[in-house]
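Everything below concerns the one structure shown next.
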Amino acid sequence: MEFKRNIIITGGAGFIGSHVVRLFVTKYPEYRIINVDKLTYAGNLANLADIEDRENYVFVKADICDFEKMQEVMAAYNVDSIIHLAAESHVDRSIKDPFTFARTNVMGTLSLLQAAKCRWESLPEGYEGKLFYHISTDEVYGALQFDGTLFTETTKYDPHSPYSASKASSDHFVRAFHDTYGMPTIVTNCSNNYGPYQFPEKLIPLFINNIRHRRPLPVYGKGENVRDWLYVVDHARAIDVIFHKGKVAETYNIGGFNEWRNIDIVKVIIKTVDRLLGNPEGASLDLITYVTDRKGHDLRYAIDSTKLKNELGWEPSLQFEEGIEKTVRWYLDNQEWMDNVTSGNYQSYYEEMYGKR
Ligand code: NAD
Ligand code: DAU
């Protein structure tokens, strides 16, 4: 079967990637989606069980750092576009093991860029009809004070953690490939995502699971840090809009205009989980445990996504109250998924970080 487009989505077995793969595979049967994922502890094919039999879906288990393999996949599927999400994504892990972050996020992105360059420059039409779309984070902009300011697309990069430094570096490589070789690229920087299939090392799924098992909820520092939360399906919708309508060489910020102090979001999670489990209101508040702060903990992130709204018409579709309700329900209804991802190879790391269940 001839496909209209052949799109690699890297990191498609991860949290956000699985939502992007699902959206593209189901919405665009005329596109072939090639999910390239190494299946690290964070990658899980069960996230895609509902679409894995679709004719327009292919899974390739591969490391983006493997340049020859990336070249092979580019040629085998006649790839015209890449939506690049594969990364090491957890700040706490980057503080412990920065090398892995430099390897995957910097060298992996470079390997993918170079493979795309070699392939596309070898074709008669060159870069025409091609796109390298890189998914990045608001963390590259550094930290804001409690002064109402927002990150815009022109905010100077000022990364603080090894994770954000590695993402910033990868963003620079992507832009360099546009400026140097003329590769059509787009970069987007998104705020904190939440929703189904997020690995339970991140705040929201970790705390939902801990409440369910009556384990402590480790709030870093005083819980006063602020994050801007976006429902993951809205991020996937934004990626769809930008992939189709975004301007080459542009940057777009994606966010929910939805800032929360950590301690306030923890209380919303407790309230929702307790209600859905039939516990008395406030029953799990005693699980809140203030612990040593994350090293270099960024105080506040907040995204201004006005450009995306004005130029491409995207806005978040879900109110936070609705999104968090859906999310808590999903984790409570999918305990088997949770048990699977918190067992096996990754268990020892999990226990090292968070103690025995
Ligand atoms: P995740 O950790 O849930 O998933 C990452 C995926 O990448 C996994 O499936 C993993 O197996 C795969 N992967 C890791 N190393 C690989 C390698 N060397 N080769 C091939 N595959 C590899 O991450 P996520 O939270 O879904 O984030 C996806 C992307 O979005 C990342 O680039 C991240 O920086 C960015 N981002 C995340 C958020 C967020 O809130 N989670 C917000 C903004 C941007
Ligand atoms: O802003 C976008 C970023 O959001 C993404 O680029 C990252 O990939 C993603 O992991 C996320 O980074 P954060 O560090 O903000 O997310 P995390 O869920 O780890 O933490 C959210 C906040 O909660 C942060 O201020 C730290 C705090 N926290 C987190 C954990 C895991 C706690 O207080 N206790 C915890 O146990």
Scope region 104-140; condition hydroxyl-bearing (Ser, Thr, Tyr) and within 16 Å of ligand 2 (Cβ to nearest atom); matching residues: Thr104, Thr109, Ser136, Thr137
Answer yes if at least one residue in region 274-285 is in a strand (DSSP E or B), more than 22 Å from Asp147 (Cα to Cα) and not charged (D, E, K, R), and no otherwise. no
Kindly establish whether Thr154 is in contact (Cβ under 8 Å) with a residue 12 or more places away in the chain and of a type in the set (Ser, Thr, Tyr). no
Quick one: how many residues across region 1-19 are touching a Gly at 6+ places or on another chain (Cβ under 7 Å), within 13 Å of Ser89 (Cβ to Cβ) and of a type in the set (A, V, I, L, M)? 1
Determine if region 69-77 includes at least one residue that is outside any helix (DSSP H, G or I), within 23 Å of Phe24 (Cβ to Cβ) and not charged (D, E, K, R). yes
Against the conditions (1) outside any loop (DSSP other than H, G, I, E, B); (2) more than 14 Å from ligand 2 (Cβ to nearest atom); (3) under 30 Å from Gln335 (Cβ atoms); (4) of a type outside the set (Lys, Arg), where does Asp228 fall short? Just the number, please. (2)
Can you pull out every residue in region 34-50 that is more than 7 Å from ligand 1 (Cβ to nearest atom), closer than 24 Å to Thr342 by Cβ and touching a strand residue (DSSP E or B) at 6+ places or on another chain (Cβ under 9 Å)? Asn35, Leu45, Leu48
What is the residue count in region 131-169 for residues that are surrounded by 20 or more Cβ atoms within 10 Å (Cβ to Cβ) and either aromatic (Phe, Trp, Tyr) or modelled with pLDDT under 95 (or both)? 5
State whether the residues of region 191-202 include one that is away from ligand 2 (no atom under 16 Å from the Cβ) and either buried (at least 23 other Cβ atoms within 10 Å of the Cβ) or in a loop (DSSP other than H, G, I, E, B) (or both). no
I need the full set of residues from region 27-64 which are part of a strand (DSSP E or B), closer than 22 Å to Ala238 by Cβ and among the aliphatic types (A, V, I, L, M), in order please. Ile33, Ile34, Val36
Taking the conditions exactly as written (within 20 Å of the chain's Cα centre (by Cα) and touching a residue at least 12 places away in the same chain (Cβ under 8 Å)), does Leu131 satisfy them or not? yes
Matching entry among Val60, Val36 (being among the β-branched types (Val, Ile, Thr), more than 16 Å from ligand 2 (Cβ to nearest atom) and over 23 Å from Ile242 (Cβ atoms)): Val60
Restricting region 169-178 to residues that are farther than 19 Å from Phe101 by Cα and in contact (Cβ under 8 Å) with a residue 12 or more places away in the chain, the one nearest to ligand 2 (Cβ to nearest atom) turns out to be Arg175
Can you tell me which residue among Phe199, Phe177, Phe146 is more than 10 Å from ligand 1 (Cβ to nearest atom) and touching a Phe, Trp or Tyr at 6+ places or on another chain (Cβ under 8 Å)? Phe177
Given the criterion in contact with a Phe, Trp or Tyr (Cβ under 9 Å, 6 or more places away or on another chain), more than 30 Å from Gly126 (Cβ to Cβ) and within 13 Å of ligand 1 (Cβ to nearest atom), identify the matching residue among Tyr163, Tyr220. Tyr163
Within region 16-42, track down each residue that is surrounded by 24 or more Cβ atoms within 10 Å (Cβ to Cβ) and of a type in the set (Phe, Trp, Tyr). Phe24
Which residue, of Ser81, Ser94, is buried (at least 16 other Cβ atoms within 10 Å of the Cβ), within 16 Å of ligand 2 (Cβ to nearest atom) and either modelled with pLDDT of 95 or more or under 20 Å from Ser170 (Cα atoms) (or both)? Ser94
For region 99-130, which positions are surrounded by fewer than 18 Cβ atoms within 10 Å (Cβ to Cβ) and either in a strand (DSSP E or B) or among the polar types (S, T, N, Q) (or both)? Thr100, Gln114, Ser122
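The values are calculated or read from the model by the stated rules, or taken from the named source; none is laboratory data. Worth saying up front: this structure is predicted, and the values here are computed from it rather than measured. Because the Cβ atoms are built from the backbone with ideal geometry, glycine has one as well, and the counts that use them run over all protein chains shown.
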